[in-house]
Structure formats: C-alpha cells, structure tokens
Amino acid sequence: MKVNVLLGDAAQVDAGGKVHVLGLGWTRTTAPTGPMAVVVLLELGDAEEVNRSHSATIVLVDEQGERVDLSQFGVPPVGFKVAIDRKPDGAAADGPIVAPIVIQTGPLPLDGDRKYRWSVSVDGQSDPSWHAAFATNPVDVESAQVVVALSEGS
C-alpha cells in the first residue's frame with residue numbers, strides 16, 4: 001500500500017474517481033488559514049489489498065505531535081471506510097487501484113508561526129511519509145510577503 005497526502009486550496013473527486021484540485025502543492029499559509037483541501041491518494045497494489053475494506057483516519061497534528069481538536073472549529077473527526085467494488089462478474093479486482101479521499105475545510109483559526117501536518121493512518125497502521133506538512137505565517141505577515149526564489153543551476 002502506498003499513501004500520498006497533498007494540500008490544495010480546493011478539490012473534488014468526480015464520478016470516475018479522478019481528483020480535480022486547485023492550488024495544489026502549497027506548504028505555507030496565513031493564520032488564520034484560508035479554505036484548504038487535503039487530498040489522500042490511497043494506492044492499493046494487489047488483489048488482497050484491493051478486495052477488502054480499509055479504514056482510513058486523517059488528523060491534524062501540531063509541531064509537538066499533539067492532535068489539534070478541530071471540533072472547536074466545527075470540523076468533525078475525520079475517518080473513512082474505503083472499499084473497492086468487485087467486478088460485475090464477481091471476479092476479484094486486481095491492482096494497482098488508487099482510492100482518492102478529499103477533505104475540504106473552511107478557514108481554520110490556527111495559530112500563526114507554527115508548523116502543522118495532516119497525518120493519515122490506514123487500518124491502524126501509519127508511516128512517517130503518510131502526511132502533508134505546512135506552516136502558518138506569523139500573524140503580522142501576509143502570504144504575499146513570503147516569497148520563495150528559485151534560480152537555475154549555477
């Protein structure tokens with residue numbers, strides 16, 4: 001199983017299972033945040049992984065690893081049951097298959113100048129790479145003032 005977690009401004013999954021994302025790939029935001037989308041791509045590799053249900057849990061944690069209580073912002077705890085339907089003839093489906101999960105939040109009044117990460121666990125298992133990290137700007141700094149300069153090789 002492979003899990004990728006990405007951040008965007010807005011996202012949705014269409015009926016065909018494709019994820020459409022706006023503003024993908026940011027790692028820095030204002031405090032409080034704007035709306036955000038957490039995109040989880042759960043890649044199931046073989047028939048054993050594909051042909052059973054999986055429970056995925058997605059949580060926001062702070063820089064100390066403490067879970068952020070999102071209920072204070074009106075966001076309920078996030079957990080999903082992921083199952084891949086068998087083929088119509090009853091035969092087992094085979095991988096790789098990507099099961100997309102999208103969480104869309106409104107603005108979150110998180111503290112400024114802090115680091116956070118959305119962490120994912122599947123079937124009670126987690127991996128250090130199954131997260132998307134981001135930082136909030138100090139409250140007195142606008143996003144436009146934080147610029148990343150990229151230059152061609154020297």
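Observations, loosely collected:
- Among the GluC sites (Glu not before Pro) in the stretch 1-63, none sits in a DSSP loop with a Cβ that has at most 10 other Cβ atoms within 10 Å.
- By the rule of a C-alpha distance below 21 Å, with chain neighbours fewer than 8 residues away ignored, the lysines paired with residue 81 are 2, 18.
- Model label points for residue 75 and residue 103, set 7 angstrom from Cα along the Cα-to-Cβ axis, are 0.6 nm apart.
- For the peptides 65-74, 130-139, the ranking by packing is 130-139, 65-74, with the highest mean count of neighbouring Cβ atoms within 10 Å listed first.
- Among 51-57, 119-125, sorting by the average number of other beta carbon atoms lying within 10 angstrom of each residue, highest first, gives 119-125, 51-57.
All of the numbers you see were taken from the coordinates with simple rules; none came from a lab. No experiment lies behind these values; they were computed from the predicted model shown. Virtual Cβ from ideal backbone geometry, glycine too; neighbours counted across all protein chains shown.
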